[in-house]
Amino acid sequence: MEQMVAADRKGIAGAVDILRAGRLAALPTETVYGLAADASKPEAVAKIYAAKGRPQFNPLIAHVADFEQAFKLALYSKDALKLTEAFWPGPLTLVLPYLGDAVCDLARAGLDTIAIRIPAHPVMQAVLKEFGGVLVAPSANISGHVSATSAQHVAADFGDKINLILDGGATQYGVESTIIDVTDQPVLLRAGAITAQQIEGVLGQKLQIKILHDPQNPSAPGQLSAHYATHTKLRLNATQIDADEALLAFGTPLQGAREVLNLSASADPVEAAANLFAHLRTLDRLNAKVIAVMPIPETGLGAAINDRLQRAAIGSGQ
Ligand code: TXA
Ligand code: MG
């Protein structure tokens with residue numbers, strides 16, 4: 001298959017070209033294969049959610065080549081630093097307070113924290129070094145399927161929905177990275193390739209465990225409680241507009257709003273997902289009385305967009 005290429009120099013250069021162009025490449029890591037995209041480009045990140053068929057925008061893990069880049073993305077507590085020294089590069093993901101603007105809102109699902117890891121796999125390392133920026137990469141499987149541990153698994157799940165699969169053979173661990181939230185007291189969010197005992201050994205203390213089980217998506221700690229709310233009241237499924245309202249449009253805009261931003265003039269849900277968080281932020285800064293949001297069909301990424309809008313609406317206007 002043309003899409004599956006050897007993870008040699010040429011294959012790695014090809015993957016970097018694809019990622020720079022805002023497209024998707026499946027890459028081997030030491031845990032499972034990841035479906036990677038440029039973390040700074042919401043339109044590229046939206047393609048990940050579309051390809052995976054995720055019902056919601058779960059936040060994604062930011063993968064970086066080295067400590068220098070990792071330290072630019074977040075604030076590290078003493079405990080966090082101990083864990084990075086012991087386990088990076090490697091199959092440990094840390095959730096930390098986010099700093100900077102290198103990772104778009106959509107990739108973080110609008111959270112003010114960020115999940116980061118430095119992968120150890122030589123192919124992933126080579127791609128990250130040559131790419132030079134941050135890659136987000138969820139496990140390269142369709143939502144609800146098990147994670148892919150070989151290039152063939154990835155191809156079986158996605159077919160031609162992704163542009164390139166770098167074949168790096170079977171992955172070493174075959175389970176995902178362990179996720180620890182170190183924004184405050186260390187909390188285990190996902191059991192993974194590094195055991196809780198190993199982590200407790202380094203920290204010199206017991207870990208709290210807060211694995212949130214969602215039957216639809218068993219390893220999705222980030223999605224449940226957190227949501228992005230606007231200060232301005234959100235009015236969903238608007239079919240007409242008052243003059244003092246700002247409008248978040250989808251397709252042909254309703255007439256009469258004081259300000260309009262369009263998620264997608266051509267009613268494309270992938271484009272709409274890419275614009276969602278940025279447009280909400282921009283409209284929120286206008287201090288309009290209300291942000292009216294046009295209805296978005298539940299098809300494709302529309303379901304995830306509506307899920308985020310509903311969460312945002314609940315906390316809005318406060
Ligand atoms: O081993 C791995 O971690 C693989 C490889 C490809 O690196 N990646 C992976 O990604 O498993 P994914 O997207 O399938 O799982 C990431 C998990 C999700 O459950 C998400 O909810 C959680 O990390 N997550 C991401 N950002 C978070 C945050 N800010 N707070 C809490 N949880 C977060
Ligand atoms: Mg996964």
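The values are calculated or read from the model by the stated rules, or taken from the named source; none is laboratory data. Remember, it's a predicted structure, so these values are computed and weren't measured experimentally. Counting neighbours? That spans all protein chains shown, and the Cβs are built from the backbone with ideal geometry, glycine included.
Among the residues of the range 297-306, is any in a loop (DSSP other than H, G, I, E, B) and in contact with a helix residue (DSSP H, G or I) (Cβ under 6 Å, 6 or more places away or on another chain)? Yes: one or more hits. Every condition in (1) more than 13 Å from ligand 1 (Cβ to nearest atom); (2) closer than 30 Å to residue 12 by Cα holds for residue 171 except the one numbered (1). Comparison of 224, 212 shows that the only residue that is touching a helix residue (DSSP H, G or I) at 6+ places or on another chain (Cβ under 7 Å), at pLDDT below 95, within 16 Å of ligand 2 (Cβ to nearest atom) and of a type outside the set (D, E, K, R) is 212. Condition check: touching a residue at least 24 places away in the same chain (Cβ under 8 Å), surrounded by fewer than 21 Cβ atoms within 10 Å (Cβ to Cβ), more than 16 Å from ligand 2 (Cβ to nearest atom) and more than 25 Å from residue 7 (Cβ to Cβ). Does residue 102 satisfy that? Answer is yes for this residue.
Scanning the range 246-279 for residues that are part of a loop (DSSP other than H, G, I, E, B) and over 15 Å from residue 46 (Cα atoms) turns up 250, 251, 252, 253, 254, 255, 256, 257, 258, 265, 266.
This table checks each residue for (1) of a type in the set (A, V, I, L, M, F, W, C); (2) more than 17 Å from residue 108 (Cα to Cα).
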site: 278; (1), (2): yes, no
site: 285; (1), (2): no, yes
site: 288; (1), (2): yes, yes
site: 291; (1), (2): yes, yes
site: 295; (1), (2): no, yes
site: 307; (1), (2): no, no
site: 312; (1), (2): yes, no
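Here is a check on your reading of the model: is residue 206 away from ligand 1 (no atom under 12 Å from the Cβ), surrounded by fewer than 20 Cβ atoms within 10 Å (Cβ to Cβ) and closer than 27 Å to residue 19 by Cβ? No; evaluated as a whole, the condition is false for this residue.
Residues that are surrounded by fewer than 21 Cβ atoms within 10 Å (Cβ to Cβ) and among the hydrophobic types (A, V, I, L, M, F, W, C) within the range 18-72 comprise 18, 21, 50, 67, 71, listed in sequence order.
Within the range 31-52, restricting attention to residues that are away from ligand 1 (no atom under 13 Å from the Cβ) and not charged (D, E, K, R), the residue that is nearest to residue 154 (Cα to Cα) is 50. Between 73, 128, the distinction of being within 18 Å of residue 12 (Cβ to Cβ) and in contact (Cβ under 8 Å) with a residue 12 or more places away in the chain belongs to 128 only. In the range 112-146, the qualifying residues are those that are charged (D, E, K, R) and more than 15 Å from ligand 2 (Cβ to nearest atom), and the one that is modelled with the lowest pLDDT is 112. Quick test of your reading of the structure: residue 284 fulfils all but one of (1) of a type in the set (Asp, Glu); (2) closer than 18 Å to residue 306 by Cβ; (3) touching a residue at least 40 places away in the same chain (Cβ under 8 Å). Name the failing condition by number. Against the list (1) of a type in the set (Asp, Glu); (2) closer than 18 Å to residue 306 by Cβ; (3) touching a residue at least 40 places away in the same chain (Cβ under 8 Å), residue 284 comes up short only on (2).
With the structure loaded, tell me whether residue 62 is within 24 Å of residue 189 (Cβ to Cβ), touching a Lys or Arg at 6+ places or on another chain (Cβ under 7 Å) and not charged (D, E, K, R) or whether it fails that test. No: the conditions fail for residue 62. In the set (1) at pLDDT 95 or above; (2) within 16 Å of ligand 2 (Cβ to nearest atom); (3) not hydrophobic (A, V, I, L, M, F, W, C), the condition left unmet by residue 149 is number (1). Residues in the range 120-150 that are near ligand 1 (Cβ under 10 Å from one of its atoms), of a type outside the set (Gly, Ala, Ser) and within 16 Å of the chain's Cα centre (by Cα): 135, 136, 138, 141.
Whether any residue in the range 288-295 is surrounded by fewer than 19 Cβ atoms within 10 Å (Cβ to Cβ), out of contact with any strand residue (DSSP E or B) (no Cβ under 9 Å at 6 or more places or on another chain) and in contact (Cβ under 8 Å) with a residue 40 or more places away in the chain is what I want to check. The answer is yes; a qualifying residue exists.
Contact map, the range 268-279: first residue in contact (Cβ under 8 Å) with a residue 12 or more places away in the chain and of a type outside the set (A, V, I, L, M), second residue buried (at least 24 other Cβ atoms within 10 Å of the Cβ) and part of a helix (DSSP H, G or I), Cβ cut-off under 8 Å, separation 6 or more or different chains; pairs are 269/305; 271/46. Condition check for residue 117 on (1) away from ligand 1 (no atom under 11 Å from the Cβ); (2) among the basic types (Lys, Arg); (3) crowded, with 19+ Cβ neighbours inside 10 Å: one failure, at (1).
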